[in-house]
Amino acid sequence: MDIASLIGIIGAMAMIFMAIVTSGGSLLTYVDIPSFLMTVLGSYFALMLNASLSEALGIFKTLGRVFRIQDYKEKDIITKLMAFSDKARREGLLALEEELEDLDDEFMKKGLRLVVDGTDAEIIRVLMETELNQIQGRHAAKIGIVNAWATLAPGLGMIGTVVGLIAMMKNLEDKSAIGPNMAVALITTLYGAIMANVLFIPMAGKLRTHDAMEAQVKEMVIEGVLSIQAGDNPRILGMKLLTYLSPTDRKSVESEILKD
Amino acid sequence: MDIASLIGIIGAMAMIFMAIVTSGGSLLTYVDIPSFLMTVLGSYFALMLNASLSEALGIFKTLGRVFRIQDYKEKDIITKLMAFSDKARREGLLALEEELEDLDDEFMKKGLRLVVDGTDAEIIRVLMETELNQIQGRHAAKIGIVNAWATLAPGLGMIGTVVGLIAMMKNLEDKSAIGPNMAVALITTLYGAIMANVLFIPMAGKLRTHDAMEAQVKEMVIEGVLSIQAGDNPRILGMKLLTYLSPTDRKSVESEILKD
Amino acid sequence: MDIASLIGIIGAMAMIFMAIVTSGGSLLTYVDIPSFLMTVLGSYFALMLNASLSEALGIFKTLGRVFRIQDYKEKDIITKLMAFSDKARREGLLALEEELEDLDDEFMKKGLRLVVDGTDAEIIRVLMETELNQIQGRHAAKIGIVNAWATLAPGLGMIGTVVGLIAMMKNLEDKSAIGPNMAVALITTLYGAIMANVLFIPMAGKLRTHDAMEAQVKEMVIEGVLSIQAGDNPRILGMKLLTYLSPTDRKSVESEILKD
Amino acid sequence: MDIASLIGIIGAMAMIFMAIVTSGGSLLTYVDIPSFLMTVLGSYFALMLNASLSEALGIFKTLGRVFRIQDYKEKDIITKLMAFSDKARREGLLALEEELEDLDDEFMKKGLRLVVDGTDAEIIRVLMETELNQIQGRHAAKIGIVNAWATLAPGLGMIGTVVGLIAMMKNLEDKSAIGPNMAVALITTLYGAIMANVLFIPMAGKLRTHDAMEAQVKEMVIEGVLSIQAGDNPRILGMKLLTYLSPTDRKSVESEILKD
Amino acid sequence: MDIASLIGIIGAMAMIFMAIVTSGGSLLTYVDIPSFLMTVLGSYFALMLNASLSEALGIFKTLGRVFRIQDYKEKDIITKLMAFSDKARREGLLALEEELEDLDDEFMKKGLRLVVDGTDAEIIRVLMETELNQIQGRHAAKIGIVNAWATLAPGLGMIGTVVGLIAMMKNLEDKSAIGPNMAVALITTLYGAIMANVLFIPMAGKLRTHDAMEAQVKEMVIEGVLSIQAGDNPRILGMKLLTYLSPTDRKSVESEILKD
């Protein structure tokens, strides 16, 4: 569970509830089913026009990922690649074949299998980078859908408010109704602003971070696989891969790995 | 028929109608022919200034594509290219000529004809990529027109509202007319916001998705054609092409194709 | 005359006039010379600060281009290049010299003269692409000036409105003057919005389209000139150049040209 | 003196003064020292947080450049480079040494000195392009500071207005004070809008134009220096360099130079 | 201590306090704990959803860097690299080993160690550029978090204001409460605007400047290390590196260094 996501969403909602309470209003004032349908469902319908059916249905799964902690195990990957490099230098590239069975990193497995098969380095690079590009393309499409919702929700909220304002304007005689009508009209704007600022904009941000981290780890794997094929010294391989880590992570890994 | 587009547009409109009804107003309040002409026709005229005549007239056809389901038949394409690759390796590149007759994928046909004609690989790549770039350029121009309308519609809506506000301000004596005049003034803003948020922004999004999918399939075809010319093993060809599919599609195709 | 531009600008203006009439106001309400000077002249002065003197004075010529129809005669260009290619293969590159006299496409002439002079292919490409880049750079600068005006006009309109609002606020005693003063204050906003949404944003859009079309035709010419120098088969040359046309244009040209 | 900048800034200010006068207000209404400090000084302080001390202090010098006319003397540069090219072909590259003394174009001088020193062409290109990149980087940083002020000024203006509105709202009893208080509150918005739309946005635009022109001339010089080293024919050199000029400039220079 | 940052933040805050005082209000009017929590804490919670836990907690350290003066000691770096270059030419690359001990620039040390180890130039470049890219990627991620807060703060401020407006509208009977309620509602907008315009937007700007300066110095180091390995003349090395300095810095360094 990504604890930051959970704290973030609960905390932000709590702040909004606090603002409602300290405004002296009752929570019920802020609950209006038609406004909710108009803003939430309306923008989701607009999203269905924007996206393919599977993308529109898949967005909830995408949003769910925001709460899943991502651990890319860079340390394990570096250790493994260095071990493979060592083995390959001592016993030959074919000796890696038996290691592939237990490998559960599909991306690394695929790359190493190509190495074992004796595929040309340039082809391995192209195949792995194409795959990485495809993965990033799919992520970008999914994040794009979340961003689209972040744009459409305030749009629909604004439409709801204008609809409410027009109704109110048409009927200005009943002075006592002006305030409450105006209040209701503003609720769709509120819902749209919350959807954008508290939910979808931050969620798209977190998904982008996940994507960037995954891409970096995969680039590290490509670098490592090609380095193994080229017969690089495990130490050089280690140094190359360590540049992909942040200085703090690097320190701790460096002492473990390179001093052996 | 793209069911998501249909549900999306009908659903979003239904939500707006619901908002109108629950605002206590009558639907007629929201229908104002001059405001409609001002916003819809006015922004379309501005679009004619923005675009060429054929682009302006062609936008309705472009928008119609939003409701057409796009199936690029990646599976068939991969199967076909693998079969061609197999044949070419067994019987020579010239043997592909007879296959070209029945091929209805114009892009692949053109590429393979170049292969059969013995054209140089680099020239084939340049010709096919130029064509793909041209296709994407034309799509981008069309999507650009939809985006331009999405920008101009709220602009004209805003102009209509300011025109209405000025008229109302000039004539504040009749207190009872202020509300209704204001209501009318706001209607062009409402129309502009609906055109942008419920129609053109989502539609441009869907067209961009179509374009991205088509480009990806065409890149797969280029890869495949060049692979056939290079005499690649059908299995390698299959693996290369599979990287263009999403993991779920890939799984199903992989078992069918590569295990033969 | 670009008929779309003419219809567009007249139509959009007509819609705004209609909105004025149906708002029940008189056209005179919307004419205010100081507001006009403030918005139109004020933003033009700001543009003079933004641009060089020649750019600021040249913007009207640039805007005039919006109404000139652009015909790049792709068909003629392809036919001509294919004929040159044929001649060059039969009679040698020097035989092209006599053809250059009557050529009124300066860009193609310059390229072919370099071919006739026996200049190296790489130098020809660099010279022609540098020239194309320079042309596009100059166009982009001009379109940038139009976009700058599109940004500055609503800015100055907004300044005019705030000036008016402040004057009105200072003098709230005379209740009957509030409305009219507010109306006047809003007129600069109206003018700014019209300048941006009905004039300069669409016009910049059309100029961008012109530029893209011209660049594409010039790229086609570069391709053709280099193909002639390389001694390409006219048929291959034709196929290369046809990829620069849209499918509909291509169909009609293809049957004319390639079947000879 | 850049006459367009001068006319632009004076003209735009005159239009705003005219709007003030025709709004029926006195100029004094629009002068409010605390609002001025809040917007102008406040945004400048925010800029100091944004920039380094030397950048913040240097912005006034940068803004001053907007009024200095820029003449890059392309004609002279081309003539000079052609003369050098001629001399180098006749008397050898070393003969250029004596010419370097009187050259006051530091960039060209540096390039030619490298040529005279017999430096490798690739190193000359790298050194000169690195220098051009550095120059452009410094310009971009300075223009970025102007843009930052253009963003911060309306931001601080808006903060001033909200501060004023809150004060006014707290004290609604005195009806006669509402208008004037509101007027004062709006003045910071006015100042911020003027700073952005009349000063900093246009000024950043002019600085960008200067930078683009300088970069182009410097690219021309790099091209010329390398061409001289390569021993190009002065005529070819002239043609290469002329592509960097606009068609009108080119015409006049062409007749002067190439026909010799 | 970065004096510009300190003056900037204190000065801008002082201007806002001055605006409050001259608005005739008391400072207490502008202090509202629930509004503060709603805007500041609410946007920070949204930021936690946006970022990883370590990024969200680390933002305060990032913001602290804004007040730390950055001195990259370009002069020392150039002098040192020239000395190394000289030594390497006289005594061989291995002679650099003893110099590495006292070097506290980790980046240069790493590069020179690779040189001493006899690593291939291309591998050194790749390793150092990968490291620089990684550093810049981490900086960009951190600056991205500050920008995210700059976006979310006004968003949450706006939500707070809409919540307040709705409460006020529901309860219009008590005329005397309208003003104060409205005032409170606006305070979250004020806080959000201050957070964005006075704090986070300028701070992100300063961090970007730091990053650009560091990247430039590191590029200079890469250039220098590779130049040393290539056995360049110290003078050429000096000239190469000087192009990375601004003209004023360059002047002073040039006279010191190159005339030796």
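The values are calculated or read from the model by the stated rules, or taken from the named source; none is laboratory data. Here the structure is a predicted model, which is why all the values come from computation and not from measurement. As a convention, Cβ positions derive from the backbone with ideal geometry for all residues, glycine included, and neighbour counts pool all protein chains shown. Calculation scope for accessible area: heavy atoms of the full protein, side chains included, ligands and nucleic acids excluded. Shrake-Rupley method; radii C 1.70, N 1.55, O 1.52, S 1.80 Å.
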Item to complete: List the extent of the Cα atoms of the range B:127-211 along each of their three principal axes, largest first, rounded to whole Å.
Response: 71, 18, 7
Worksheet item: So what's the range D:83-170 giving for Rg/Rh, alpha carbon basis, Kirkwood Rh from the mean inverse pair distance?
Response: 1.49
Discussion item. What does the charge count around residue B:116 come to, taking other residues whose C-beta lies under 14 Å from its C-beta (Lys +1, Arg +1, Asp -1, Glu -1)?
Written reply: -3
Worksheet item: What are the nm distances, shortest first, from residue A:76 to its equivalents in the other copies, labels at 7 Å along Cα→Cβ?
Response: 4.3, 4.3, 6.9, 6.9
Worksheet item: Per-residue mean of other chain beta-carbon atoms within 10 angstrom of the beta-carbon, peptide D:21-34?
Response: 5
Worksheet entry | Inter-site label distance for residue C:103 and residue E:14 at 7 Å from Cα along Cβ, in nm | 7.0
Item to complete: For residue A:36, place a label point 7 Å out from Cα along the Cα→Cβ vector, do the same in each other copy, and report the separations in nm, one decimal, smallest first.
Response: 3.4, 3.4, 5.5, 5.5
Discussion item. Defining the label point at 7 Å along Cα→Cβ, can you sort the distances from residue B:215 to the same site in each other copy, shortest first, in nm?
Written reply: 1.5, 1.5, 2.4, 2.4
Worksheet, complete the sentence: Placing +1 on each Lys and Arg Cβ and -1 on each Asp and Glu Cβ in the protein assembly as shown, then taking the dipole about the Cα centre, the residue among B:166, A:217, A:197 whose Cα reaches farthest towards the positive end is B:166
Discussion item. Per-residue Cβ counts within 10 Å, from other chains only, averaged over D:205-213: what number is that?
Written reply: 4
Worksheet item: How are the C-alpha pair distances of the range D:1-152 spread across 5 Å bins, as whole percents from the shortest bin up?
Response: 2, 7, 10, 12, 13, 11, 10, 9, 7, 6, 5, 4, 3, 2, 1, 0
Practice prompt. About the Cα centre of the range A:33-260, how large is the charge dipole given +1 on each Lys and Arg Cβ and -1 on each Asp and Glu Cβ? Please answer in debye to the nearest 20.
Written response: 960
Worksheet item: Over 26 Å between Cα atoms, which of B:175/E:170; B:142/D:206; A:170/E:170 qualify?
Response: B:142/D:206
Item to complete: Using a 1.4 angstrom probe on heavy atoms only, work out the carbon and sulfur share of the accessible area of the range A:33-260 in %.
Response: 56
Worksheet item: Residue farthest toward the positive end of the dipole of chain C, with Cβ of Lys/Arg at +1 and Asp/Glu at -1: which of C:57, C:26, C:152?
Response: C:26
Worksheet entry | Accessible area that becomes buried as B packs against A, both chains, 1.4 Å probe, Å², nearest 100 | 3600
Discussion item. With +1 on the Cβ of every Lys and Arg and -1 on the Cβ of every Asp and Glu, and nothing else charged, how large is the dipole of the range A:17-161 about its Cα centre, in debye rounded to the nearest 20?
Written reply: 640
Discussion item. Rolling a 1.4 angstrom probe over the protein chains, ignoring ligands and nucleic acids, what is the accessible area of residue C:54 in square angstrom, nearest 10?
Written reply: 90
Discussion item. Based on the alpha carbons, how large is the Rg to Rh ratio for chain D when Rh follows Kirkwood?
Written reply: 1.19
Fill in: Reachable lysines from residue C:80, criterion Cα separation under 23 angstrom, eight or more residues apart if same chain
C:109, C:110, C:218, C:240, C:251, C:259
Practice prompt. Rounded to the nearest 500, what is the 222 nm mean residue ellipticity of chain B from helices alone, with -39500 (n - 2.57) per DSSP H run of 4+ residues and division by all residues?
Written response: -25000 deg cm²/dmol
Worksheet item: Using the Karplus equation 6.51 cos²θ - 1.76 cosθ + 1.60 (θ = phi - 60°), what ³J(HN,Hα) coupling, rounded to whole Hz, does each residue of the range E:95-108 give in order, writing x for Gly and Pro?
Response: 5, 6, 3, 5, 6, 5, 3, 8, 6, 9, 8, 4, 5, 5
Practice prompt. Calculate, axis by axis, the spread of Cα positions in the range E:102-247 along the three principal axes, and write the results as whole Å, longest axis first.
Written response: 86, 31, 25
Practice prompt. Provide the solvent-accessible area of residue C:69, counting protein heavy atoms only and rolling a 1.4 Å probe, rounded to the nearest 10 Å².
Written response: 100
Fill in: Interface residues in the range E:219-249 - accessible area drops by 50 Å² or more relative to the isolated chain, probe 1.4 Å
E:239, E:243
Worksheet item: With no solvent and one point per C-alpha, what does the Debye sum give as log10 I(q)/I(0) for the protein assembly as shown at q = 0.04, 0.05 Å⁻¹?
Response: -0.27, -0.43
Item to complete: Specify the inter-centroid distance of the range A:25-42 and the range A:205-244, based on alpha-carbon positions, in whole Å.
Response: 48
Discussion item. I need the phi-derived Karplus couplings for the range C:198-211: 6.51 cos²θ - 1.76 cosθ + 1.60, θ = phi - 60°, integer Hz, Gly and Pro marked x.
Written reply: 9, 10, 6, 5, x, 5, 4, x, 5, 4, 4, 4, 3, 4
Worksheet entry | Rounded if a/c under 1.5, otherwise prolate or oblate - the range D:24-81, Cα gyration tensor axes | oblate
Worksheet item: What FRET efficiency, computed as 1/(1 + (r/R0)^6) with R0 = 35 Å and r the Cβ-Cβ distance, is obtained for residue E:129 and residue B:246, rounded to the nearest 0.05?
Response: 0.60
Worksheet, complete the sentence: A correct Karplus calculation of ³J(HN,Hα) over the range B:39-45, with 6.51 cos²θ - 1.76 cosθ + 1.60, θ = phi - 60°, whole Hz and x for Gly and Pro, returns 7, 6, 5, x, 6, 5, 4
Fill in: Accessible area expressed per residue, the range E:33-260, with surrounding protein chains retained (probe 1.4 Å, Å²)
42
Worksheet item: So how much accessible area does residue B:65 have, in Å² to the nearest 10, using a 1.4 Å probe?
Response: 80
Worksheet item: When the C-alpha atoms of the range C:164-241 are aligned to their principal axes, what extent does each axis show, in angstrom, from largest down?
Response: 86, 15, 9
